[in-house]
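Here's the structure, in structure tokens; my notes come after.
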Amino acid sequence: MHVSEYDPYSPTIRKKDSFTNRLLLVRMHKHYWYYRVTSPGKILLFGFFLSGIGTISVTVPIYNLFSVLMALILIDGMASWIFRPRCDLKGDFPAQTTAGQPAVGHFTVTNKGWLPIYDMAVAFRWLEKPLSQTDRDDTLKCLSRGESAEITVTIDAPQRGFYALPKLGVHTLFPFHLNRSGSAALPGKSLLVLPSFHQISTVDLPVGSKFQPGGIALTSNVGESPEYIGNREYVPGEPARRLDFRSFARLGKPVVREYQEEYYCRIALILDTYMPPETWLKRKLKSLNQRWYSKADVKQPVNVLEAGISLTASIADALSRGEYLIDLFAAGPELYVFRAGRHTAHFDNVLEILSCVDRCPDDPFETIGPAVFEELSNISTAVCIFLDWDEQREKMARAVLDSGSSLKTIIIHDGETTLPYNSAEFGHAAHFTPEQIATGKVESL
């Protein structure tokens, strides 16, 4: 029996159509409730539906209120449709900002319609949390036909990350500021929020130099390149390209050029992102705690991972000002390995990597360990930023010391660690709380 290409009674088609309808309903709900209807409009709608009890009989006094509210909604909807913006929007939004700093875009709006635009504003339809637009309903009273106006759009970005911005459009709140009427004008872009950090004046590291095979290519020809330091007699088996033919002709015997080998100081910056999943009770207590902080208008406790990322950025910033090769290792949902320093990459690239690092619910040292161990033979010093101290972190620190590299341990933890730190074996460890890092009290290491 032949089956048509589209069978509306097929279970698979019905399942897809049902999913599409649910997705469409969700998008319509977000569009109308979070964008189209303003806060006064939501209050009016609530009163409108509540007063709907009066439709039982015209003799009920609340029926008059229902009629007035319905008239306001209809008048506002018709007026906003008639005076909806028909304009041209030009401008650009910054591609990145820093956590805690607003991202400001500058745009030019030109009225292309036949009617003036009243109570006009430029806004995103909705934004991913925790992003928010502070000037969403800052309106321009009137924009006449053919006129242009300069508009700024400000986004608050309190937390680092990579966010997709929706379409940016022009809308009007005329006449009663109950709903936003307009259309999207510019396509959505992306916003990279870099982690915030405080500069550190000095970083005291037990550094040394190690021979780096292929060092010229490794450092982009910047730093200690192999330099000519003199001549010596030829030893059988040496490459012919090192022969100094002028000295050979003058002395009458083979002479080769001698070069200084390449030694560089490589620093491994190892970021611990391991945060075990919390229990249901602990998550509930944390959510209640956050609600209390928001109601009391008190600053929320600093996340330990965010503090670790901020301190990593501070250390990378201090090391990038010196003649170091920096190898960044961070394990999130995937392993990040990045090399910077000596002009191989800019510090901004390190911040871009750190802005996308996420917490790792599983033990990352099994993932990050092999990548680090392959490079330990060439690494001078490993700076390990741990969020706690336990058996796995102790094993990582011991492997660094066994490879012959120096170790600097930094522990970010509020209170006592899981296991006591053995300073006799691993040396002194700097211990900080997340609040100390967030407030900039760490000035040197």
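For Phe338, only one of the following conditions fails: (1) farther than 19 Å from Arg266 by Cα; (2) of a type outside the set (A, V, I, L, M); (3) crowded, with 17+ Cβ neighbours inside 10 Å. What is its number?
Condition (1) is where Phe338 drops out.
I'd like the full set of residues that are assigned to a loop (DSSP other than H, G, I, E, B), closer than 26 Å to Val357 by Cβ and polar (S, T, N, Q), limited to the stretch 122-160.
Within the stretch 122-160, just Gln159 meets the criteria.
Within the stretch 161-265, considering only strands (runs of 3 or more DSSP E) that don't extend past its boundaries, which have at least 1 residues that are open to solvent by 20 Å² or more (accessible area, probe 1.4 Å) and either modelled with pLDDT under 80 or on the phi > 0 side of the Ramachandran plot (or both)?
On the way: elements: 161-164, 168-172, 181-186, 190-194, 228-233, 255-259.
Counting at least 1 such residues, we get 181-186, 228-233, 255-259.
For Glu416, only one of the following conditions fails: (1) surrounded by fewer than 14 Cβ atoms within 10 Å (Cβ to Cβ); (2) out of contact with any Pro (no Cβ under 8 Å at 6 or more places or on another chain); (3) part of a helix (DSSP H, G or I); (4) not basic (Lys, Arg). What is its number?
Failed condition: (3).
List the residue pairs whose Cβ atoms are under 9 Å apart, where the first residue sits in the stretch 119-146 and is in contact (Cβ under 8 Å) with a residue 40 or more places away in the chain and closer than 15 Å to His177 by Cα, the second is of a type in the set (Phe, Trp, Tyr) and open to solvent by 20 Å² or more (accessible area, probe 1.4 Å), and the two are 6 or more positions apart or on different chains.
Taking only residues 6 or more apart or on different chains, the pairs are Asp119/Phe83; Asp119/Phe174; Met120/Phe174.
Please enumerate the residues belonging to the stretch 395-413 that are outside any helix (DSSP H, G or I) and small (Gly, Ala, Ser).
Ser403, Gly404, Ser405, Ser406
State all residues of the stretch 419-433 that are touching a Leu at 6+ places or on another chain (Cβ under 9 Å) and assigned to a helix (DSSP H, G or I); if no residue qualifies, say none. So that I can check it myself, show each step before the final result.
From the stretch 419-433, those touching a Leu at 6+ places or on another chain (Cβ under 9 Å) are 425-427, 430, 432; that's our starting set.
The answer is Glu425, Phe426.
Do we have any residue at all in the stretch 377-393 that's part of a helix (DSSP H, G or I) and closer than 20 Å to Leu319 by Cα?
Step one: of the stretch 377-393, the residues part of a helix (DSSP H, G or I) are 377-378, 391-393.
From what's left, closer than 20 Å to Leu319 by Cα: 378.
Yes: the stretch 377-393 contains one or more residues that are part of a helix (DSSP H, G or I) and closer than 20 Å to Leu319 by Cα.
Among the residues of the stretch 69-107, write down those that are surrounded by 13 or more Cβ atoms within 10 Å (Cβ to Cβ) and without any contact (Cβ under 8 Å) to a residue 40 or more places away in the chain.
Hits for the stretch 69-107 are Leu69, Met70, Arg86.
So, in the stretch 420-430, exactly how many residues are open to solvent by 60 Å² or more (accessible area, probe 1.4 Å) and either touching a residue at least 60 places away in the same chain (Cβ under 8 Å) or more than 20 Å from Thr312 (Cα to Cα) (or both)?
So in the stretch 420-430, the residues open to solvent by 60 Å² or more (accessible area, probe 1.4 Å) come out as 420, 422-425, 428.
Applying the additional criterion that residues be either touching a residue at least 60 places away in the same chain (Cβ under 8 Å) or more than 20 Å from Thr312 (Cα to Cα) (or both) yields 420, 422-425.
Going through the stretch 420-430 one residue at a time, the tally reaches 5.
The values are calculated or read from the model by the stated rules, or taken from the named source; none is laboratory data. Source: prediction; values computed, not measured. Because the Cβ atoms are built from the backbone with ideal geometry, glycine has one as well, and the counts that use them run over all protein chains shown. Quick note on the areas: whole protein, heavy atoms, side chains included, nothing else; ligands and nucleic acids left out. Shrake-Rupley method; radii C 1.70, N 1.55, O 1.52, S 1.80 Å.
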